[in-house]
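Only the coordinates and a few stated rules stand behind these numbers; no lab work does. Not measured: the values here are computed from a predicted model. Backbone-built Cβ (ideal geometry, glycine too); neighbour counts: all protein chains shown.
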Amino acid sequence: MRALMTALALAMALPVSACAGTSDTQSEAAATIPVTIRAGEATHVFNVEVARTAEEQARGLMFRTSLPEDGGMIFPFPRPRIASFWMKNTLIPLDMFFIRADGSIDRIAENTIPENLEPVASGGEVSAVLELAGGTAAKLGIDESATITWKDR
């Protein structure tokens, strides 16, 4: 129930402009940072956009029709919290990694359903959420035992 209320509050707080269309070309111009996922003996590096502002976090990966195999977006929070996302206006499936303050993974929501309005929530308080192309976790063998770090942290 708490996660649902968080999702509803977030949805109601989104500015209408956040739902206005953005193009892939706008997002391609955004600066990226490296994010490293260590899963067992394997290390995977992704170059992801950072959603720092409330507007960037509200927009996220909405309206994208594709995502580079090594691309994605990270949503860092000023302090740990229960995080809840939805897929409204998100046209591609995503893997969502809910990251605790120590870099461990709280939860992975794999292959989220495009344009679904059901909230996708963390299991506990997290410091960031990483969104990668749907199927990435399964393809690379990434599970909740992995750790995630990034330089902007």
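Just want the ordering: V45, V120, from fewest to most Cβ atoms lying within 10 Å of their own Cβ.
Ranked by crowding around the Cβ, least crowded first: V45, V120.
Applying the Karplus relation 6.51 cos²θ - 1.76 cosθ + 1.60 with θ = phi - 60° to the stretch 100-109 yields 3J(HN,Hα) values of 6, 4, 8, x, 6, 9, 6, 6, 10, 9 Hz, where x marks Gly and Pro.
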